[in-house]
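These notes concern the structure reproduced below.
Just so it is clear, none of the values below were taken in a lab; they were calculated from the coordinates. Just so it is clear, the structure is predicted and the values come from calculations on it, not from any experiment. Here the Cβ is made from the backbone with ideal geometry for all residues, glycine too, and neighbour counts use every protein chain on show.
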Amino acid sequence: MNRSFTSALVQEIMLDFARLTGLVSVDAHPRLYLWTDAFAACNYLELFSKTNDKTYRDLGLLLVDQVHNTLGRHRDDDPRRSWISGLDEPEGERHPTRGGLRIGKRLNERKPDEPPNERLEWDQDGQYYHYLTKWMHALNCVSRVTGDPTYTRWAIELAKTAHTMFTYTPPSGDRKRIYWKMSIDLAYPPVLSTGQHDPLDGFITYNELQAAATRDFGESSLFGLKLEIADMAEICRGINLVTSDPLGVGSLLFDASRIAQLMILGGLKNASLLETVVDSALLGMEAFAKGDSLENPGEYRLAFRELGLSIGLSAVENLLIWIEEKPSLFCQKSYLHRQVEDLMGYVPLGEKIKQFWMDDKNREASTWIEHYEINMVMLATSIAPSGFLMI
């Protein structure tokens with residue numbers, strides 16, 4: 001693939017996203033969606049790193065400000081005003097993530113006295129744990145690229161709030177669990193279930209932020225997440241990670257990449273966790289590849305879920321290099337090496353997904369248009385994934 005063409009395509013996509021969502025307009029009501037915006041922020045920083053064009057850095061920082069000042073506040077159709085944390089205006093500006101961040105869904109949240117409606121719930125606002133962890137990761141990426149530790153602090157404050165409000169001990173007295181979705185003000189859970197990978201995602205993200213805290217504030221800093229990490233390690237114990245969902249497999253591969261990077265940085269020393277995650281990703285990858293969903297036309301495919309897999313597969317080559325370069329660190333190198341080599345056999349599948357959705361004709365499908373913004377941003381990430389994958 002022509003490198004200049006792909007770079008130009010990513011720039012085109014992300015500039016289009018900025019215009020479409022109101023990032024660069026005078027519109028007082030920009031369109032924001034936390035998951036999409038986390039990937040978009042990383043994309044802008046990757047473009048800045050590759051081109052040294054400060055326009056992209058400034059777009060990334062502007063997006064962070066818009067997310068905090070919109071999704072960190074109550075909705076326009078809510079009688080409540082200002083920061084969802086309840087902080088006054090100056091304190092809210094200093095700590096914009098302390099109350100969490102809204103998803104950005106079209107409809108207002110379901111009130112606790114309203115009957116649940118599974119169909120409506122997908123379109124109702126609130127807070128998702130796995131969206132918050134994506135934003136924590138994005139803030140860490142901003143801090144890494146800009147050298148400004150403020151973003152690390154905001155990410156850690158978000159992690160502390162999310163962990164406190166989303167984790168709970170069930171009435172049975174079993175170990176803690178994580179709510180999948182909470183209300184805007186984190187007062188009650190509209191959905192009681194737990195996302196399959198949420199505990200692992202939380203554990204790895206907290207460790208990522210702990211490493212960033214050491215980087216930005218020093219080894220002796222108390223501004224970290226050691227208690228939350230220990231708590232999440234217990235929640236993770238024994239969970240089943242295997243899934244054939246392409247977005248889920250991609251998430252596992254992203255997590256494996258982060259574990260390896262944390263091991264290299266000295267933030268994690270658990271090679272068995274990496275082995276478990278790689279094993280689960282490989283099983284899921286094998287199951288997904290046995291299906292024929294990638295032979296279907298675009299009308300029967302969800303681009304953002306497939307592109308999540310493509311992004312994850314982009315991490316596999318680096319994972320293999322790290323294991324080969326540091327055999328003393330990855331003490332189970334021979335087994336991991338075989339598993340990751342097996343995963344390398346699926347890397348062309350990620351390229352196939354990317355090429356399919358780069359085709360203008362396939363982007364005419366209703367499934368692309370219905371999820372246009374998340375699709376376009378994740379396509380850009382799959383083309384230029386380093387800004388998202390590196391911690």
(request) Would you look at the GNM of the chain, springs on alpha carbons closer than 10 Å, and say which of GLY250, GLY224, GLY291 moves the most? (result) GLY291
(request) Would you order ILE178, ILE369, ILE311 from fewest to most other beta-carbon atoms within 10 Å of each residue's own beta-carbon? (result) ILE369, ILE178, ILE311
(message) Distance cut-off 32 Å, Cα to Cα: go down the list LYS50/LYS290; LYS134/LYS176; LYS105/LYS361; LYS50/LYS226; LYS134/LYS290 and report the pairs above it.
(response) LYS50/LYS290; LYS50/LYS226
(request) Please find, in a Gaussian network model of the chain (springs between Cα atoms separated by less than 10 Å), the residue of ARG258, ARG57, ARG119 whose mean-square fluctuation is greatest. (result) ARG119
(request) Please identify, among VAL340, VAL24, VAL242, the residue showing maximal mean-square fluctuation in a Gaussian network model of the chain using a 10 angstrom Cα cutoff. (result) VAL24
(message) Can you pull out the chymotrypsin sites (Phe, Trp or Tyr not before Pro) in the range 105-161 whose DSSP state is coil and whose Cβ has at most 15 other Cβ atoms within 10 Å?
(response) TRP122
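Summing +1 for each Lys or Arg and -1 for each Asp or Glu, what net charge is found among the other residues whose Cβ lies under 10 Å from the Cβ of GLU121?
Net charge around GLU121: +1.
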(message) Which residue, SER386, GLN261, ALA303, has the largest displacement toward the positive end of the dipole of the range 240-391 when charges sit on each Cβ (Lys, Arg +1; Asp, Glu -1)?
(response) GLN261
(message) Straight-line reach only, C-alpha to C-alpha below 23 angstrom: list the lysines that LYS111 could link to, leaving out same-chain residues fewer than 8 apart.
(response) LYS181
(message) Please report, ordered by residue number, every helix of the chain (full DSSP H runs) that is 18 Å or longer along its axis going by C-alpha atoms and whose mean Kyte-Doolittle hydropathy reaches -0.5.
(response) 3-21, 34-51, 54-71, 129-146, 150-166, 198-217, 246-265, 271-290
(request) Compute the signed sum of charges (Lys and Arg +1, Asp and Glu -1) over the other residues within less than 11 Å, Cβ to Cβ, of ALA212. (result) +1
(request) Please label the shape of the chain as rounded, prolate or oblate, based on the square roots a ≥ b ≥ c of the eigenvalues of the alpha-carbon gyration tensor (a/c under 1.5 means rounded; beyond that, a/b larger than b/c means prolate, else oblate). (result) rounded
(request) Please give the contour-minus-distance gain from SER386 to GLU364: 0.36 nm per residue of separation, less the Cα-Cα distance, rounded to one decimal in nm. (result) 5.2 nm
